[in-house]
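*Asks:* Here you go, one structure.
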Amino acid sequence: MADQPPQAAPRRASVSRQTKETTVSADLVVDGTGLATVATGIGMLDHLVDQLARHGLFDITLQASGDLHVDPHHTAEDTAIVLGQAFDRALGDRAGIVRMGHAIVPLDETLALVALDLSGRGFAVVEAVFSAPTIGELPTDLVSHFLETFAREARCTLHVRVLQGASDHHKAEAVFKALARALDAATQVDPRRLGQVPSTKGSL
């Protein structure tokens with residue numbers, strides 16, 4: 001019988017964070033099927049993380065509890081920290097990955113664009129204007145803050161633009177769907193790279 005090629009180690013990570021303000025834990029499988037179990041206490045945030053899992057085909061189990069009696073800021077921020085760190089750890093040295101990805105996603109009247117580079121450098125530019133102060137219980141300013149925090153902790157360069165839209169809900173959802181598709185593309189393993197890190201530097 002011919003030798004079978006070695007199986008790649010599963011790309012997964014578990015991260016937890018506990019402060020005086022929040023307790024957050026996440027389990028991530030990069031090569032998943034889109035399963036999501038998310039409970040942050042902020043319904044719209046649960047919905048957005050669910051979009052990330054389902055449209056990126058990542059398996060995400062995420063639990064968060066925080067000082068929502070103060071406001072949702074700490075819980076949303078620490079959720080982004082933990083989720084970003086989970087992607088960073090699951091991808092390891094990022095050897096063999098495509099590295100860059102982009103997606104343009106329509107949602108009715110809304111059109112969102114996301115381009116990213118799993119460069120090892122956390123940086124974000126988010127151009128998204130919302131008309132109302134909140135979407136459900138999620139302050140709209142936390143959408144950009146979540147994305148910026150996620151990019152820093154995942155160590156990726158992230159550009160987000162809402163090109164068209166009227167509904168704030170649609171804008172946020174389209175952005176997270178586009179993020180999911182772009183992340184899925186960028187995290188794919190390209191066999192032509194022969195396991196090499198996708199950088200002229202030799203490391204990311």
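The values are calculated or read from the model by the stated rules, or taken from the named source; none is laboratory data. Please read these numbers as outputs of a predicted model, since none were measured by experiment. Note that each Cβ is placed from the backbone with ideal geometry, even for glycine, and that neighbours are counted across all protein chains shown.
*Asks:* Does any residue of segment 139-162 turn out to be surrounded by fewer than 19 Cβ atoms within 10 Å (Cβ to Cβ) and of a type in the set (A, V, I, L, M, F, W, C)?
*Replies:* Within segment 139-162, none of the residues are surrounded by fewer than 19 Cβ atoms within 10 Å (Cβ to Cβ) and of a type in the set (A, V, I, L, M, F, W, C).
*Asks:* A follow-up question, please. Got a sec? Which of Arg99, Arg94 is out of contact with any Ser or Thr (no Cβ under 7 Å at 6 or more places or on another chain) and either within 19 Å of His55 (Cα to Cα) or surrounded by fewer than 16 Cβ atoms within 10 Å (Cβ to Cβ) (or both)? Break it down stepwise before answering.
*Replies:* Numbers: Arg94 fails: either within 19 Å of His55 (Cα to Cα) or surrounded by fewer than 16 Cβ atoms within 10 Å (Cβ to Cβ) (or both).
Of Arg99, Arg94, the one residue that is out of contact with any Ser or Thr (no Cβ under 7 Å at 6 or more places or on another chain) and either within 19 Å of His55 (Cα to Cα) or surrounded by fewer than 16 Cβ atoms within 10 Å (Cβ to Cβ) (or both) is Arg99.
*Asks:* Has segment 57-75 got any residue that is of a type in the set (Gly, Ala, Ser), buried (at least 18 other Cβ atoms within 10 Å of the Cβ) and within 14 Å of Phe176 (Cβ to Cβ)? So that I can check it myself, show each step before the final result.
*Replies:* Kept after step one, since they are of a type in the set (Gly, Ala, Ser), are these residues of segment 57-75: 64-66.
Add one more test, that the residue is buried (at least 18 other Cβ atoms within 10 Å of the Cβ), and what stays is 64, 66.
Now restrict to residues that are within 14 Å of Phe176 (Cβ to Cβ): none.
Looking for residues that are of a type in the set (Gly, Ala, Ser), buried (at least 18 other Cβ atoms within 10 Å of the Cβ) and within 14 Å of Phe176 (Cβ to Cβ), one finds none in segment 57-75, hence no.
*Asks:* Here are Gly101, Gly122, Gly96: which of them is at pLDDT below 95 and under 23 Å from Arg12 (Cα atoms)?
*Replies:* Exactly one of Gly101, Gly122, Gly96 is at pLDDT below 95 and under 23 Å from Arg12 (Cα atoms), namely Gly96.
*Asks:* Follow-up. Check Ala151, Ala178, Ala186, Ala172 and return the single one that is in a helix (DSSP H, G or I), at pLDDT 95 or above and over 19 Å from Leu48 (Cα atoms).
*Replies:* Numbers: Ala151 fails: over 19 Å from Leu48 (Cα atoms); Ala178 fails: over 19 Å from Leu48 (Cα atoms); Ala172 fails: over 19 Å from Leu48 (Cα atoms).
Result: Ala186 is the single residue among Ala151, Ala178, Ala186, Ala172 that is in a helix (DSSP H, G or I), at pLDDT 95 or above and over 19 Å from Leu48 (Cα atoms).
*Asks:* Have a look at Thr134, Thr79, Thr110 and point out the one that is of a type in the set (Ser, Thr, Tyr), surrounded by fewer than 19 Cβ atoms within 10 Å (Cβ to Cβ) and farther than 27 Å from Gly202 by Cβ. Quick ask: steps written out before the conclusion?
*Replies:* Working: Thr79 fails: surrounded by fewer than 19 Cβ atoms within 10 Å (Cβ to Cβ); Thr110 fails: surrounded by fewer than 19 Cβ atoms within 10 Å (Cβ to Cβ).
One residue alone meets the criteria, Thr134.
*Asks:* OK, next. Going residue by residue through segment 106-129, is there one that turns out to be in contact with a Gly (Cβ under 9 Å, 6 or more places away or on another chain), within 30 Å of Val189 (Cα to Cα) and not in a strand (DSSP E or B)?
*Replies:* yes
*Asks:* Between a residue in segment 66-86 that is at negative phi and any residue that is in a helix (DSSP H, G or I) and aromatic (Phe, Trp, Tyr), which pairs come within a Cβ distance under 7 Å, given they are 6 or more apart or on different chains?
*Replies:* Listed pairs, sorted by first residue: Ala76/Phe146; Ala80/Phe146; Ala80/Phe150; Leu83/Phe150; Gly84/Phe150.
*Asks:* Can you name the condition, by its number, that Gly101 falls short on among (1) within 14 Å of Leu179 (Cα to Cα); (2) within 12 Å of the chain's Cα centre (by Cα); (3) not hydrophobic (A, V, I, L, M, F, W, C)?
*Replies:* (2)
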